[in-house]
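Worksheet: the structure to be examined is printed underneath.
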Amino acid sequence: MNEKIDIKKIEQQTFHEFMTDGITEILLGIVLIFMPLLFTIPVFVVFVPFLLFFGTPFIELIRERTTYPRLGRVEFKREAEREGYSVKKSLLEFLAFILGVFAIALTTMILIEGKFELTLIYKWLPFLFGLIMFGPSLYLVDKTGQQRYYILGTFSTLLGFFFSVIDFPDEKLGLYFYFFTLGVLAIILGIIRYIRFIQTYPVIQMEEEES
């Protein structure tokens, strides 16, 4: 009874279990595929707040039908309720991350191209977004304790670099191909994980209490 319980580790293991259903990857892939519409048809920007406010409830609705009947339901602590959590500190860390990403992307562009031109920024947006994807990667590593999620940030960055160094007839094509490729791969991974999840975890049959 004197054994110390690692609450953080338990939370990470639980969060990891709920990530194995593949739903997050499928929805992320769909969002990535349609992401270029924000650049070609600016009116689609109005759907961003809709996605932010209703994305999580939509995922919960799906998990109510597929995940929770197999794993049960667990309520995770909100970030604001966690010990030592600070909104100001989190915002400063986020700002520092974004500034660092821009600095790395800009420096890489100048080293590869040998010059700085505003017209080259669009060409190097795939690499910029690839670096930004390290954010979700670091978040998932912290939440699950699984080092494998570093692959997400590494792969998205290398893929973005690949499409940035290629000379397309239209500079926008590199960005389109980047989001489409990453989105399709995320959907395929999500479907594979979802099928494995369904096969591995049967629906929990709750026995009725005898009267």
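The values are calculated or read from the model by the stated rules, or taken from the named source; none is laboratory data. The structure displayed is predicted, hence computed values, not measured ones. Note: ideal-geometry Cβ built from the backbone for every residue, glycine included; neighbour counts use all protein chains shown.
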Which condition breaks for THR144 when tested against (1) under 27 Å from LYS8 (Cα atoms); (2) touching a residue at least 60 places away in the same chain (Cβ under 8 Å); (3) in contact with a Lys or Arg (Cβ under 9 Å, 6 or more places away or on another chain)? (3)
Expected output for the range 91-109 (first residue of a type in the set (A, V, I, L, M), partner exposed (fewer than 11 other Cβ atoms within 10 Å of the Cβ), Cβ below 8 Å, 6+ apart or cross-chain) is LEU106/PHE116; MET109/PHE116
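Quick one: in the range 99-129, of everything that is farther than 23 Å from TYR176 by Cβ and among the hydrophobic types (A, V, I, L, M, F, W, C), which residue is modelled with the lowest pLDDT?
Ranking the candidates gives PHE116 first.
Conditions tested, residue by residue: (1) part of a helix (DSSP H, G or I); (2) more than 30 Å from LEU71 (Cβ to Cβ); (3) of a type outside the set (Phe, Trp, Tyr).
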site: TYR122; (1), (2), (3): yes, yes, no
site: LEU128; (1), (2), (3): yes, yes, yes
site: LEU131; (1), (2), (3): yes, yes, yes
site: VAL141; (1), (2), (3): yes, no, yes
site: GLY153; (1), (2), (3): yes, no, yes
site: LEU158; (1), (2), (3): yes, yes, yes
site: TYR176; (1), (2), (3): yes, yes, no
site: PHE179; (1), (2), (3): yes, yes, no
site: GLY183; (1), (2), (3): yes, no, yes
Which numbered condition PHE50 fails, given (1) within 30 Å of GLY174 (Cα to Cα); (2) touching a Lys or Arg at 6+ places or on another chain (Cβ under 6 Å); (3) modelled with pLDDT under 80; (4) of a type outside the set (S, T, N, Q): (2)
Within the range 73-94, is even one residue over 21 Å from the mean Cα position of the chain (by Cα) and at pLDDT 80 or above? no
Has the range 142-161 got at least one residue that is over 21 Å from ILE26 (Cα atoms) and among the β-branched types (Val, Ile, Thr)? no
Selection count, the range 108-147, where residues are surrounded by 14 or more Cβ atoms within 10 Å (Cβ to Cβ) and on the phi > 0 side of the Ramachandran plot: 1
